[in-house]
Amino acid sequence: SDMAVMERTGDYKSKLVIKKGERNNCFYNTPHGDLVIGIFGEEIKSKFGEDKGEILLKYALDSNLQPISENTVEITVRKAE
């Protein structure tokens, strides 16, 4: 897939929509107020089998078009025993 969503719940919510090759504006709640963060999806990969799977997300964050960070998230899942 060329899109992933990372959502944080609780007192400070956020929903980051990562779309490969696109920049999206996302709302990010913090204890000090709300921010609008730009997120540019660089790479999205996923591979799932019967018992396990892997997800790779690479994206860049910006605020007011000023770079904040470049990020990589790697998730490995496996069937519970």
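The values are calculated or read from the model by the stated rules, or taken from the named source; none is laboratory data. Everything quoted here is computed from the prediction, not taken from an experiment. Neighbour counts run over all protein chains shown; Cβ positions are idealised from the backbone, glycine included. Accessible surface is based on the protein model in full, side chains and every heavy atom, while ligands, DNA and RNA are left aside. Shrake-Rupley method; radii C 1.70, N 1.55, O 1.52, S 1.80 Å.
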Determine whether Phe40 is open to solvent by 40 Å² or more (accessible area, probe 1.4 Å), at pLDDT below 95 and closer than 20 Å to Met3 by Cβ.
no
Here the residues within region 43-64 that are within 16 Å of Gly21 (Cα to Cα) and open to solvent by 80 Å² or more (accessible area, probe 1.4 Å) are Lys45
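So in region 1-37, with the set limited to residues that are small (Gly, Ala, Ser) and within 25 Å of Lys79 (Cα to Cα), which one is least open to solvent (accessible area, probe 1.4 Å)? Spell out how you get there, then give the answer.
Our first condition is that a residue be small (Gly, Ala, Ser); within region 1-37, this holds for 1, 4, 10, 14, 21, 33.
Then keep just the ones that are within 25 Å of Lys79 (Cα to Cα); that gives 1, 4.
Values: Ser1: 104, Ala4: 20 Å².
That would be Ala4.
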Between residues in region 1-26 that are touching a residue at least 12 places away in the same chain (Cβ under 8 Å) and within 11 Å of Tyr59 (Cα to Cα) and residues that are among the hydroxyl-bearing types (Ser, Thr, Tyr) and surrounded by 11 or more Cβ atoms within 10 Å (Cβ to Cβ), which pairs lie under 6 Å by C-beta distance while being six or more apart or on different chains?
Ile18/Tyr59
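Could you name every one of the strands (runs of 3 or more DSSP E) located completely within region 18-81 that has at least 3 residues being in contact with a Ser or Thr (Cβ under 6 Å, 6 or more places away or on another chain)?
By residue number, 52-63.
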Hey, among the residues in region 1-17 that are part of a loop (DSSP other than H, G, I, E, B) and of a type in the set (Gly, Ala, Ser), which one's farthest from Ile68 (Cα to Cα)?
Ser1
